[in-house]
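Participant: To start, I am sharing the structure in question, which I have written as structure tokens.
The values are calculated or read from the model by the stated rules, or taken from the named source; none is laboratory data. All values reported here derive from a predicted model rather than from experimental measurement. When we count neighbours, we look across all protein chains shown, and the Cβ atoms used for this are built from the backbone with ideal geometry, even at glycine. To get the accessible areas, we keep the full protein, side chains included, count just its heavy atoms, and leave off ligands, DNA and RNA. Shrake-Rupley method; radii C 1.70, N 1.55, O 1.52, S 1.80 Å.
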Amino acid sequence: MSQLESVVVLPDDERPTKWYNIQADLPEPLPPPMDPKEGPSRIKALPDLLVGECLRQENSTERWIAIPDDVQDLYRQAGRPRPLIRARRLEKRLGTPARLYYKTEFYSPTGSHKVNTALAQAWYAKREGYERLATETGAGQWGTALAYAASLVGLRTTIYWVRAVYDWKVQRRYFMRMYGAEVHASPSAETSVGRALLEKQPGHPGSLGIAVSEGLEDARRDEKAIYCLGSVLNHVLLHQTVIGLETKRQFEVLGEYPDILVSCLGGGSNFGGFTLPFLADAIHGKELRFIAAQSLAAPNLQGEYRYDFADHAEITPMLKMYTLGHKTEMRPIRGDGLRYHGCSPILSLLRHLGYIDTVAYPEDEKYVFERARLFVQAEGFLPAPESAYSIACAIDEALKCKETGEAKVIAFNISGHGFMDMEGYAQVLGL
Ligand SMILES: Cc1ncc(COP(=O)(O)O)c(C=O)c1O
């Protein structure tokens, strides 16, 4: 790579045509979902809760799963493969010997990596005869991605959006409605879960766990509707592996290999998508560090590794994961997509086995957003507030290299853009 070449763009014929399923390579089998001791079986109810093909993928141990041709076409239209960029200007400003590379998931029609699974889930749902999708959203990125995907394949969408974010991201609300989505602030009066919470606390700020419960309740009462989840589950991480597969190929083209991979983590979909193809190498003995960047508002990877529900109202089966507790109240933040009580079971197992480190940043977000400002001024791209956590962590690691003089290769994923989040930056940074 010459001094001037900073952008690796893969030709279309090097686009991944299969998703990578790490379940084939895990050092030990993934603990299966479990039913609670009391109440109806949540596991038996799963076929009514999830798209059939997604449920099949959830339990699959096949290493490679073919991406349907139509979904590949949709990926192409959504701008895949996406470039990997060397952050030369940022490196210079930091004065670090480290080489920093960022994956550009912000080059997305709706603003984030969430389209990678939204397109797959919507396409399978349409093929299975559903007419409407119901879902949760935190940052609003997942809701927009699903509204977009549903619109492209010809389905309707209903979105339960964590109220603390719904209230300030007005432009994104309009964006979802442009795609034809019905959008409710969560908790809402549309569901019994929502009504019960509103009765106790009118204007309740909501949480992802509550919004998941509302979406599930909504989909369950309409046989033409099905629920789609934007993170946590195995099939969601599977679809997201296109990010890491492309990145791996891009490093091959460069003749480089990362020493450290960094990304932000809420439920784990972008972190998993970016790192799983590399985690496979770590499992096979390669020395490699993975760091998940989180908020102290929801440092789920510092919670307990145990069985817990994925939603507030206990509609889902229990998953073995790092969790802060599904009823725990967590203060809203600007990067609210990171405010979720649990981490994906796959990533939780890998953390439990010692493969994944974590760092959690202060809730006032000043530190993280200052680092995002440095990135914006050096590289020009505006990250989503959640992605600012990836940047903060990558910069921290680059500055450690400055102290030690090590020329490490640091790769980080910028999971989304912040074009609709300026209000959040303005309030924290006083713009
Ligand atoms: C841009 C962006 N990045 C990251 C996340 C965190 O979610 P996950 O851990 O599933 O990637 C979100 C969640 O909404 C998001 O919108």
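Participant: Which distance in nm do the two modelled labels at residue 177 and residue 41 give, with both placed 7 Å along the Cα-to-Cβ direction?
Facilitator: 4.4
Participant: Can you work out the PRE-style zone for residue 283? Point 7 Å along Cα to Cβ, and I want the residues of the range 23-64 with backbone N under 12 Å.
Facilitator: Residues 23-31, 61-64 fall inside that zone.
Participant: Right, next: Given R₀ = 30 Å, what would the calculated FRET efficiency be for residue 352 paired with residue 402, taking r from the Cβ atoms and rounding to 0.05? The partial results should precede the final answer.
Facilitator: On the way: r = 32 Å, r/R0 = 1.07.
Calculated transfer efficiency: 0.40.
Participant: Along the positive direction of the dipole of the chain (beta-carbon charges: Lys, Arg +1; Asp, Glu -1; about the Cα centre), which of 265, 45, 104 reaches farthest?
Facilitator: My answer, from the dipole projection, is 104.
Participant: What is the sum of charges around residue 326, taking Lys and Arg as +1, Asp and Glu as -1, for the other residues whose C-beta is under 10 Å from the C-beta of residue 326? Intermediate results must be reported in sequence, preceding the final value.
Facilitator: Details: positive: 327; negative: 308, 311, 314.
It works out to a net charge of -2.
Participant: So how do 130, 124, 107 rank on accessible area, 1.4 Å probe, biggest first, that is with the largest at the start? Before the final figure, lay out the partial values.
Facilitator: On the way: 130 45, 124 5, 107 100 Å².
Highest to lowest solvent-accessible surface, that is 107, 130, 124.
Participant: Moving on. Taking the Cα-to-Cβ direction at residue 331 and at residue 223 and moving 7 Å from each Cα, how far apart do the two end points lie in nm?
Facilitator: Going by the 7 Å Cα→Cβ label model, 4.9 nm.
Participant: Taking the Cβ-Cβ separation of residue 12 and residue 88 as r and a Förster radius of 30 Å, what is the calculated FRET efficiency to the nearest 0.05? Each step should come with its number before you reach the end.
Facilitator: On the way: r = 26 Å, r/R0 = 0.87.
So the FRET efficiency works out to roughly 0.70.
Participant: Please list, ordered by chain and number, the residues whose modelled amide H lies under 5 Å from the amide H of residue 356; skip anything fewer than 5 residues away on the same chain.
Facilitator: 351
Participant: Using r as the Cβ-Cβ distance of residue 296 and residue 131, and R0 as 30 Å, what FRET efficiency do you calculate, to the nearest 0.05?
Facilitator: Values: r = 42 Å, r/R0 = 1.39.
Efficiency computed from Cβ-Cβ geometry: 0.10.
Participant: Here is a further query. Relative contact order (percent) for the range 355-431, with alpha-carbon contacts under 8 angstrom and 6 or more residues of separation? Numbers along the way, then the final one.
Facilitator: Values: 74 pairs, mean separation 27.7, N = 77.
Relative CO of the range 355-431 lands at 36 percent.
Participant: Follow-up. Need the full-extension length gain, residue 257 to residue 167, defined as separation in residues times 0.36 nm minus the C-alpha distance. One decimal, nm. Please list the in-between numbers first.
Facilitator: Values: separation 90, 0.36 × 90 = 32.40 nm, distance 4.25 nm.
Extra length available between residue 257 and residue 167 comes to 28.1 nm.
Participant: Related question: In the chain, what percent of the accessible surface is made up of carbon and sulfur (1.4 Å probe, ligands and nucleic acids excluded)? Write out the running numbers ahead of the final one.
Facilitator: On the way: 7900 of 15940 Å².
Ligands and nucleic acids excluded, carbon and sulfur reach 50 percent.
Participant: Cβ under 12 Å from residue 51's Cβ, residue 51 left aside: what net charge do those residues give with Lys, Arg +1 and Asp, Glu -1?
Facilitator: On the way: positive: 56, 126, 127; negative: 48, 53, 58, 128.
Summing Lys and Arg as +1 and Asp and Glu as -1 gives -1.
Participant: What are the ³J(HN,Hα) couplings of the range 5-15, residue after residue, when phi is run through the Karplus curve with 6.51, -1.76, 1.60 and θ = phi - 60°? Round to Hz, x for glycine and proline.
Facilitator: For the range 5-15, the Karplus-derived couplings read 6, 10, 10, 9, 10, 7, x, 4, 6, 10, 5 Hz, x marking Gly and Pro.
Participant: In nm, what is the difference between 0.36 nm times the number of residues separating residue 201 and residue 423 and their Cα-Cα distance?
Facilitator: Values: separation 222, 0.36 × 222 = 79.92 nm, distance 2.57 nm.
Once the chain is fully extended between residue 201 and residue 423, it gains 77.3 nm.
Participant: Hey, another quick one. With all protein chains present and a 1.4 Å probe, how do 13, 421, 73, 281 order by accessible area, largest first?
Facilitator: Listed by decreasing accessible area, they come as 13, 73, 281, 421.
Participant: Enter the accessible area per residue of the chain (Å², integer; probe 1.4 Å; all protein chains in place).
Facilitator: Numbers: 15940 Å² over 431 residues.
Roughly 37 Å² per residue, with all protein chains present.
Participant: Specify whether the C-alpha gyration tensor of the range 139-232 places it in the rounded, prolate or oblate class, a ≥ b ≥ c being the square roots of the eigenvalues: rounded for a/c under 1.5, otherwise prolate if a/b is larger than b/c and oblate if not.
Facilitator: Values: a/c = 1.97, a/b = 1.28, b/c = 1.54.
Taking the square roots of the gyration eigenvalues as a ≥ b ≥ c, the range 139-232 is oblate.
Participant: List the relative contact order of the chain as a percent without decimals, with contacts defined as Cα pairs under 8 Å and 6+ residues apart.
Facilitator: Values: 959 pairs, mean separation 86.8, N = 431.
Relative contact order here is 20 percent.
Participant: For residue 295, list long-range residues whose amide hydrogen, built 1.01 Å from N in the peptide plane, is under 5 Å from its own amide hydrogen.
Facilitator: 361
Participant: Right, another one. Mind grabbing the accessible area of residue 343 for me, 1.4 Å probe, Å², rounded to tens?
Facilitator: 0
Participant: May I ask which residue of 338, 380, 391 lies farthest towards the positive end of the charge dipole of the range 317-405, with charges of +1 (Lys, Arg) and -1 (Asp, Glu) on Cβ and the Cα centre as origin?
Facilitator: 338
Participant: Moving to a separate point now. Hey, how many Å between the Cα centroid of the range 356-371 and the Cα centroid of the range 278-319?
Facilitator: Using only Cα atoms to place each centre, the spacing works out to 17 Å.
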